Amino acid sequence: MKLNNKQDQVHISNYSLEDLLSENWTKKPPHTIFETFCILGVLCSKHNKCISDKIFDDFIDNLTDNLTKASDTELKSVFYSLLKWPVANSIKTRNFIEVWAALDDECLKRIRDWSYDEMLEFITMFYMLNINRASDFSYRCLLKLASKAKHLTAPQLVRTMFFIGIQRRSPKNIHNLEIFINERFNEFSIDELAIISMGFFKSKTPVRNMDIICKIIDIISNNSSQIHEISLAALLKIIRYSMKVATGDRIYLLLDKLQAEVPRLSVMCNVHVGLMATSTLTFHEGCLKAISNRVTDAISETRLKDLERLALTFGTFNYTPSKDFLHNVIAELKKPEREVERNIYGRSFVCCIAYLGLLGIYPEELIKFVFDPIFLQKTYGKHSITYGREILSLHNTAKIFCKDSNIKLLSDKEAIILAKKYTDYVPSENYKKQYNVSERMFLDVLNILKGARGDDFVTGGHILTHHQRGDIILCNDHKGCAVPVGNTFDNKHFGLLKTPPNNNCWIVLIIGGRNALIHNTKTPSGLFKSKINELKGLGYCAELVLWEEFSNRKSKEEKLEYLKVLIDNAVKNK
């Protein structure tokens, strides 16, 4: 801006703070006040004096009172002048908040008179000061721009989506933007699509139109060798966030393309490749192997948060790239050099160890470290109610698979508190609510088995309390005859791991919803496979009831036959 450049050329040596602040600013014209605000900023920057100092109170009062008389150009000059001052500790710093809040109010008054470009220009002013999320004007502009999406040019759409991402919340009419983004898709470059994608992702708004996602997948595939990794990561994030279930082989073919790019991509970008595969349960061994090789070469520079996400990816697919890789991950987590990172990102550290459990790995030394009271308090706070599910998961799996260790785990009281926090109520026909697909399937299986065996011979309950959903429990004697379950698994002792109460065959049927299997396979995902292994570790017979297999059988008789086969398999495979 010309005005800003002119202010930069002012000879500060001609002014002093004392002289400027001794002036009677109530009698000065507005344009002089605006120009002096910049001069004060430069002087204060030179002498490291913060705007919050009381000596500036009178001047700031006069400045904010005169903003209503400022031209649009002068308003911009005030924004630029604020940048001249030493950076405030917070957007709530006294005097700083008075200035930007007054600017916010004045911009709100003028919003009706401004074009889309002018609105975006002033949103950019607030962005310069890092106060978009606190600015009412910025959010009001985004509401207006979203409602007028069909009138925006492609560059204006991109800038609007950028600021929606900065705002971290979506305007009500963001679907309007989605419609016109789809219509003008070919007008955007890959980097512009990445900005648009981050707008959706950062505002926690999945793209509803799968045509857009399919076009993004195609554009990545067609430009896989040229696309910048920052843009690639942004596009992969919105694919992952929007496409919860893989359809066809589109994701697999995309991973085919990306496999060749893994060596040139950063570890962080490769993590997003893996997470996209994880969210759609698309197993591509070649791509996962390439990612593990890339990470092995740079494991000491790999962030703890990325090691956590990689453990989740490999655990979800029950895929162990090599014993050396997992050994290296565990060794890296133990390194003294990671201490600062463990303290800052303690929860990522704990989650990483918990995700290793999906692969049947339970590093006792690290689990012992997690349950150190000092670490728990530093990471989660004083009270056990604030512990994450990962703590309960490590507590339970250590009780099952590390029986001979001397790890001091949670108390029974703490385990019960967390179990109540992290488990859902077992579905019941006596409790009317809008159940989802998995819950309705649970009730269907329960009713069919009760019809065949008797009400007292089947129940629902939580055996593994770190898993959100309960399971269906029944019992056979050693001759294969049904035995009453009664109230063995009632809520009286809810929250603690339950071993089989006697030597009969206690059978647990796990309800596998639509996402229980890895895409295009008959293999359970890591979460379900680990649940089966944990139940077996406690002494139960366990099997997974597959949604597709169960729902494809139309009559109760067909469904009962399928369940009988599962029960027999559970007993045989104990």
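Which residue is surrounded by the fewest Cβ atoms within 10 Å (Cβ to Cβ), if the candidates are limited to segment 397-434 and must be among the acidic types (Asp, Glu) and outside any helix (DSSP H, G or I)? Of everything passing the filter in segment 397-434, Asp404 is surrounded by the fewest Cβ atoms within 10 Å (Cβ to Cβ).
Can you report the number of residues in segment 376-389 which are open to solvent by less than 20 Å² (accessible area, probe 1.4 Å) and part of a helix (DSSP H, G or I)? Result for segment 376-389: 2.
What about Cys505, is it touching a helix residue (DSSP H, G or I) at 6+ places or on another chain (Cβ under 8 Å) and either at pLDDT 90 or above or among the basic types (Lys, Arg) (or both)? So Cys505 fits the description; yes. In segment 485-497, the residues that are touching a residue at least 12 places away in the same chain (Cβ under 8 Å) form Cβ pairs under 6 Å with partners that are in a loop (DSSP other than H, G, I, E, B), at six or more places apart or across chains, as follows: Thr488/Pro501; Gly495/Thr465.
Restricted to segment 210-225, and to residues that are in contact (Cβ under 8 Å) with a residue 24 or more places away in the chain and farther than 17 Å from Gly248 by Cβ, which residue is most open to solvent (accessible area, probe 1.4 Å)? Don't jump to the end; show me each part of the working.
Of all residues in segment 210-225, those in contact (Cβ under 8 Å) with a residue 24 or more places away in the chain come to 210-215, 217, 219-221, 223-225.
Subsequent filtering for residues that are farther than 17 Å from Gly248 by Cβ retains 219, 223-225.
Values: Ile219: 37, Asn223: 44, Ser224: 14, Ser225: 69 Å².
For segment 210-225, the residue satisfying everything is Ser225.
Of everything listed in (1) open to solvent by 10 Å² or more (accessible area, probe 1.4 Å); (2) among the β-branched types (Val, Ile, Thr); (3) under 25 Å from Lys529 (Cα atoms), the single unmet condition for Ile299 is (3). In the condition set (1) exposed (fewer than 14 other Cβ atoms within 10 Å of the Cβ); (2) in contact with a strand residue (DSSP E or B) (Cβ under 6 Å, 6 or more places away or on another chain), Leu449 is compliant with all but (1). Within segment 176-188, can one find any residue that is without any contact (Cβ under 8 Å) to a residue 40 or more places away in the chain and closer than 27 Å to Leu307 by Cα? There is no residue in segment 176-188 that is without any contact (Cβ under 8 Å) to a residue 40 or more places away in the chain and closer than 27 Å to Leu307 by Cα. Candidates in segment 80-107 are the residues that are basic (Lys, Arg) and surrounded by 15 or more Cβ atoms within 10 Å (Cβ to Cβ); of these, the one that is nearest to the chain's Cα centre (by Cα) is Arg94. Just wondering, is there one or more residues in segment 24-36 that are at pLDDT 90 or above, on the phi < 0 side of the Ramachandran plot and in contact with a Phe, Trp or Tyr (Cβ under 7 Å, 6 or more places away or on another chain)? So far as segment 24-36 goes, yes, one or more of its residues are at pLDDT 90 or above, on the phi < 0 side of the Ramachandran plot and in contact with a Phe, Trp or Tyr (Cβ under 7 Å, 6 or more places away or on another chain). The set of residues in segment 544-557 being open to solvent by 40 Å² or more (accessible area, probe 1.4 Å) and closer than 22 Å to Asn476 by Cα consists of Lys556, Glu557. Residues of segment 490-514 that are closer than 22 Å to Ser411 by Cβ and buried (at least 17 other Cβ atoms within 10 Å of the Cβ): Gly495, Leu497, Lys498. Summed over segment 226-236, the residues that are open to solvent by less than 40 Å² (accessible area, probe 1.4 Å) and either in a helix (DSSP H, G or I) or in contact (Cβ under 8 Å) with a residue 40 or more places away in the chain (or both) give a count of 6. Return a yes/no flag: does segment 116-123 have any residue that is open to solvent by less than 40 Å² (accessible area, probe 1.4 Å) and in contact (Cβ under 8 Å) with a residue 60 or more places away in the chain. No: segment 116-123 contains no residue that is open to solvent by less than 40 Å² (accessible area, probe 1.4 Å) and in contact (Cβ under 8 Å) with a residue 60 or more places away in the chain. Cβ-Cβ contacts under 7 Å between residues 6 or more apart (or on different chains), taken from a first residue in segment 550-567 that is closer than 18 Å to Val437 by Cα to a second residue that is open to solvent by 40 Å² or more (accessible area, probe 1.4 Å), are listed as Lys559/Arg553.
Cβ-Cβ distance below 9 Å, separation of 6 or more or different chains: which pairs start in segment 412-431 with a residue that is acidic (Asp, Glu) and end on one that is modelled with pLDDT under 90? Partner pairs satisfying both residue conditions: Asp412/Gly495. Applying the criterion of being touching a Cys at 6+ places or on another chain (Cβ under 8 Å) and β-branched (Val, Ile, Thr) to the residues of segment 452-485, the residue that is surrounded by the most Cβ atoms within 10 Å (Cβ to Cβ) is Val485.
I want to confirm something. Restricting to segment 241-265 and keeping residues that are hydroxyl-bearing (Ser, Thr, Tyr) and outside any loop (DSSP other than H, G, I, E, B), which single residue is least open to solvent (accessible area, probe 1.4 Å)?
Of the residues in segment 241-265, the ones hydroxyl-bearing (Ser, Thr, Tyr) are 241-242, 247, 252.
With outside any loop (DSSP other than H, G, I, E, B) added as a condition, the list becomes 241-242, 252.
Numbers: Tyr241: 67, Ser242: 17, Tyr252: 92 Å².
If we take residues in segment 241-265 being hydroxyl-bearing (Ser, Thr, Tyr) and outside any loop (DSSP other than H, G, I, E, B), then Ser242 is least open to solvent (accessible area, probe 1.4 Å).
Take the conditions open to solvent by 10 Å² or more (accessible area, probe 1.4 Å), out of contact with any Phe, Trp or Tyr (no Cβ under 6 Å at 6 or more places or on another chain) and not in a strand (DSSP E or B) and apply them to Leu535. Does it pass? Working first, answer last.
On the way: open to solvent by 10 Å² or more (accessible area, probe 1.4 Å): no; out of contact with any Phe, Trp or Tyr (no Cβ under 6 Å at 6 or more places or on another chain): yes; not in a strand (DSSP E or B): yes.
The answer is no for Leu535.
For segment 389-400, check the following and say yes or no: at least one residue is at pLDDT below 95 and either in contact with a Gly (Cβ under 6 Å, 6 or more places away or on another chain) or not assigned by the TED database to the domain that holds Gly470 (or both). For segment 389-400, residues at pLDDT below 95 and either in contact with a Gly (Cβ under 6 Å, 6 or more places away or on another chain) or not assigned by the TED database to the domain that holds Gly470 (or both): absent.
The values are calculated or read from the model by the stated rules, or taken from the named source; none is laboratory data. Keep in mind the model is a prediction, meaning the values are calculated, not measured. Using ideal geometry, Cβ is built from the backbone for each residue, glycine included, and neighbour counts are taken over all protein chains shown. These accessible areas exclude ligands, DNA and RNA; they are computed on the full protein's heavy atoms, side chains included. Shrake-Rupley method; radii C 1.70, N 1.55, O 1.52, S 1.80 Å.
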